[in-house]
Structures are given as C-alpha cells and as structure tokens.
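The values are calculated or read from the model by the stated rules, or taken from the named source; none is laboratory data. Just so it is clear, the model here is predicted, and its values are computed rather than measured. With ideal geometry, Cβ positions are generated from the backbone for all residues, glycine too; neighbour counts draw on all protein chains shown. Side chains included, ligands, DNA and RNA excluded: accessible areas come from the protein's heavy atoms. Shrake-Rupley method; radii C 1.70, N 1.55, O 1.52, S 1.80 Å.
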Amino acid sequence: MQNPFKDTIPFADAIKLSGPVSFNLMFKPAGSLCNLDCHYCYYLDKSEIYGGVEPRMTYDMLEKCIREYIGANDVPEVTFNWHGGEPLVLGLDFYRKAVEYQQKWCGDKIIHNTIQTNGTLLNEDFASFFSDNDFLVGISIDGPEDIHNKYRKDKGGAPTFDKVIRGINLLYRYGVEYNTMTTVNKASEGRGVEVYRFLKQLGTRFMQFMPVVEHVKYPLNASGKPDKKARPFIVDPGTEGARISPWSVNAIAFGKFMCDIFDAWVVEDVGQYFVNLFDCTLANWCGVQPGTCVYAETCGGNSVLEHNGDLYSCDHFVYPRYKVGNIFETPLRELMMSAQQSKFGIDKRGGLPFKCARCKYFFACHGECPKHRFNTTESGETGLNALCDGYFMFFSHVAPYMDKMKELLEQKMAPAGVIPWARMRMLAK
C-alpha cells in the first residue's frame with residue numbers, strides 16, 4: 001500500500017514556509033580536516049569531493065558567510081554552529097575574527113555560538129576565549145577509557161582519551177558551558193548505565209547519544225579484492241559493494257542501551273540531567289516540536305555550509321547529488337528556501353514505508369534519520385529504518401513514564417514529579 005504521506009506537506013511546515021525565514025546551519029570552516037582518524041567518522045572521506053585537499057575557509061569567505069547567515073534569518077537571535085572535521089585546527093585567531101565579523105554585521109540581533117570538538121586541541125587560550133565569549137562547547141567522548149579508545153584514535157593510531165579528559169578539565173576550570181556527544185557503537189553495547197554514570201562524573205548535564213550505523217567499502221588490493229587491512233571508505237548505503245561496518249551498533253542492542261540509561265535517569269535525574277532522545281520523545285508525546293530534526297516529521301534543519309561556500313542539504317548527506325548550490329553564485333537565503341531544499345525536507349516523511357504510517361509510535365519516531373533507512377519491511381517495502389526494532393523497544397519501554405510526565409505537564413507541574421512514581425513502579429515489577 002502507498003505511503004499516505006507521499007507528496008503531502010505537514011501543517012507545521014506549511015506555516016514555516018509562509019512565516020518569517022528562520023533556519024540553522026552547521027558551518028564547516030575546515031571541511032573534513034581533522035587531527036583524529038576515528039574509525040566511524042562519516043566526514044573524513046568528504047575531502048574526496050574537493051580533490052583530497054585540506055580545506056580551510058578564508059577570512060573573506062568567513063565574513064561573507066556570517067553576513068549572509070545573519071541577514072537571511074528574520075528572527076532576533078541567531079546561532080552559529082561550528083563543526084568539522086575538527087574546527088579547532090584553524091586556530092584561535094580564526095574564531096577571534098569570526099566574533100569580530102559577527103559584531104560587525106549583527107545589527108540588533110543577538111548572536112550565539114556553539115562549537116563541536118574532539119577536545120584534544122583545547123588549551124588555556126581556547127578555554128579563556130570560549131569563556132569570555134559565551135561559547136557552548138560540545139565534546140565528543142564515547143564513555144570510559146576502553147570504550148572511547150576503541151575507535152577514537154589519532155592519525156598515528158594512538159588513543160585519545162587522556163587528551164579529551166584534559167580538555168574537559170580545562171573547560172571546567174574556566175567555567176565554559178559544555179555538553180557531550182557520545183556515539184553508541186559496537187564497543188558500547190550492553191554498557192549503557194556505565195556510560196551514562198561516567199558522563200555524569202565528567203560534569204556534563206546535557207548528553208546526546210548518536211547511534212553508529214554506517215556502510216563501508218574497502219579499497220581494492222593489487223589482486224582486485226577488497227583490502228580488509230586498509231581503512232575503508234564510509235559510503236552511501238546505495239553504493240555498489242557497500243556493507244555494514246564492523247563498528248555499527250545492533251538495533252536491539254541500541255534499544256537496550258537507551259532503555260538501561262532511561263531506567264537510571266527516570267528514578268534519579270529528571271530535571272537535573274538532560275538526554276536528547278528523552279527530551280525529544282517527551283516533546284513528541286506532548287505534541288510539540290522536538291529539539292532535533294532526527295525525530296521531527298521533516299528534515300532540512302541540519303544543513304551544511306562548507307569551507308568554500310557550498311551548501312548541502314544535511315550533514316549526513318554531503319554527497320554531490322545533495323549539493324544545493326554555492327553562496328557565491330546564489331544568495332544563502334534563496335538556497336535555503338529553494339524547491340530542492342524543501343523537497344529534501346519533505347521527502348523524509350514521503351519516503352517512509354506504509355508500515356511506519358501504521359506504527360503506534362510513528363508520532364514519536366517519524367522514521368528517525370533518513371541516513372539509516374536502508375532496510376526492507378516484511379512485505380518488501382524499502383526505506384525501513386535499520387534501528388526500527390530498537391526504537392520500538394525503547395518507545396514501548398518508556399511509554400508509561402512519558403504518559404505520566406505528559407500528565408504532570410498538563411497539570412502545570414514539573415516532569416521531575418515522575419521520580420517518586422517511577423521508583424514505586426520499578427519496585428512493584
């Protein structure tokens with residue numbers, strides 16, 4: 001049966017298209033350039049798009065990007081999300097210049113900055129600058145030392161855990177607000193509570209857990225066969241010869257990982273510690289927009305501006321066919337409002353198999369991220385999320401607690417009121 005959402009647009013998107021222009025971008029001033037060589041990094045191979053060079057955004061391009069981004073948004077507050085690769089490889093002077101240009105072009109708008117880093121290049125100068133300029137710093141760390149070091153190594157194959165911890169300690173000393181980005185991969189399966197409590201000990205109150213499900217293709221050796229000893233390329237799932245990477249998390253293992261963390265969180269930490277998936281689930285349970293496009297009905301809120309002004313529809317779809325244009329040829333506002341970008345966003349909803357439309361948790365999941373939709377349903381429909389079974393497990397598990405938190409919110413009470421109720425429910429099991 002045909003997807004009932006095909007060629008339709010959600011009401012919320014219709015309002016958005018007719019209202020004031022507002023969008024977020026991920027700025028990639030160093031493109032895919034990075035000082036690490038993480039096994040599962042989907043961005044390292046993007047250098048092939050630009051001839052294998054190490055890209056760096058010029059100051060002229062930086063000013064143009066800042067001017068156009070501020071001017072294109074019809075809202076009083078604008079947030080710059082600096083990303084990579086590793087954005088700190090550009091050095092502190094680059095971000096001093098960025099702040100200078102922001103102040104030059106902001107007018108009466110309020111400017112915010114976030115930056116996602118692997119943490120290994122942080123020093124006192126960076127920490128002081130981030131503190132003085134109110135940067136929110138996202139730190140990539142996968143958990144305790146053995147989990148983190150399994151796949152997060154430097155170019156020489158050396159572990160990085162100690163350097164990341166040193167960077168986090170610097171941020172703490174300088175009073176810099178930081179949160180954590182943690183991948184859920186093969187090495188972390190079965191260790192959800194351990195990872196969660198480790199992150200709490202680091203002082204982070206905002207945590208994002210990102211499942212790793214990647215396709216790879218190995219380069220060919222002299223005999224024309226895949227060379228399993230070489231670093232594989234992370235590729236589009238539709239690429240001929242692509243296969244699931246050995247570090248990808250199993251769907252059920254991912255579901256259990258998040259269920260285990262939820263069970264610890266709901267009896268101790270609601271309102272004190274914030275987990276992205278839990279926040280988004282509660283938002284969808286209450287019928288409001290989640291804080292990330294992954295669990296929203298449509299895409300388009302994670303577009304990428306590369307070092308040379310190329311705009312791509314999404315951070316996970318930086319492939320030539322998803323390039324929207326270049327801001328030297330077409331104004332940024334026009335690119336973001338283009339038919340191509342709008343179609344990319346709506347296709348998230350329109351490309352789902354009918355099984356998803358019938359699922360009782362569709363409202364909470366919305367098919368998750370399209371980058372994971374490469375499985376087929378029992379009836380042979382394409383586009384099923386590879387993590388579907390894990391998400392169904394998670395939503396089934398948390399449903400009673402989400403119902404209770406929704407009830408509390410409807411009574412104008414804080415969701416943290418669920419804690420004593422959850423403790424009693426856990427004891428009764």
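What shape does the range 184-317 have by the C-alpha gyration tensor, where a ≥ b ≥ c are the square roots of the eigenvalues, rounded means a/c under 1.5, and otherwise prolate means a/b greater than b/c and oblate the rest? Spell out each step's value before the answer.
Values: a/c = 2.43, a/b = 1.51, b/c = 1.61.
Oblate.
Quick check for the range 93-207: number of Lys pairs with alpha-carbon distance under 27 Å, counting only pairs 8 or more apart or on different chains?
13
Under unit Cβ charges (Lys, Arg +1; Asp, Glu -1), what dipole magnitude, rounded to 20 debye, does the range 338-422 have relative to its Cα centre? Working shown, then result.
On the way: 11 positive and 8 negative charges, 45 e Å.
Dipole of the range 338-422, to the nearest 20 debye: 220 debye.
What chymotrypsin sites (Phe, Trp or Tyr not before Pro) does the range 208-266 have in DSSP loop regions with at most 13 other beta carbons within 10 Å? Mind dumping the intermediate values first?
On the way: sites: Phe209, Phe233, Trp247, Phe254, Phe257, Phe262, Trp265; in loops: Trp247.
Passing sites in the range 208-266 do not exist.
Classify the range 112-270: rounded, prolate or oblate, from the alpha-carbon gyration tensor (a ≥ b ≥ c, eigenvalue square roots; a/c under 1.5 rounded; otherwise prolate if a/b is larger than b/c)? It would help to have the intermediate numbers written out before the result.
Values: a/c = 2.35, a/b = 1.44, b/c = 1.63.
The shape class here is oblate.
Do you know the relative contact order of the chain, to the nearest whole percent, from alpha carbon pairs under 8 angstrom that are 6+ apart? Provide the component values of the computation, followed by the final result.
Working: 746 pairs, mean separation 70.7, N = 429.
Across the chain, relative contact order equals 16 percent.
Ignoring ligands, DNA and RNA, what percent of the 1.4 Å accessible area of the chain is carbon and sulfur?
Values: 10090 of 19220 Å².
Carbon and sulfur: 53 percent of the exposed surface of the chain.
Calculate, for the chain, the solvent-accessible area per residue in square angstrom, rolling a 1.4 angstrom probe over the heavy atoms of the protein chains.
On the way: 19220 Å² over 429 residues.
Accessible surface, normalised per residue, equals 45 Å².
In whole Å, how far is the Cα centre of the range 111-164 from that of the range 32-79?
Cα centroid of the range 111-164 versus Cα centroid of the range 32-79: 18 Å apart.
Quick check: from the Cα gyration tensor, does the chain come out rounded (a/c under 1.5), prolate or oblate? Mind dumping the intermediate values first?
Values: a/c = 1.19, a/b = 1.17, b/c = 1.02.
The shape class here is rounded.
Based on Cβ point charges of +1 for Lys and Arg and -1 for Asp and Glu, what charge dipole magnitude is obtained for the chain about its Cα centre, in debye rounded to the nearest 20? Intermediate results must be reported in sequence, preceding the final value.
Details: 47 positive and 50 negative charges, 187 e Å.
Using only the charged Cβ atoms, the result is roughly 900 debye.
State the Cα centre-to-centre distance between the range 273-345 and the range 219-248 in whole Å.
For the range 273-345 versus the range 219-248, the Cα centre distance is 28 Å.
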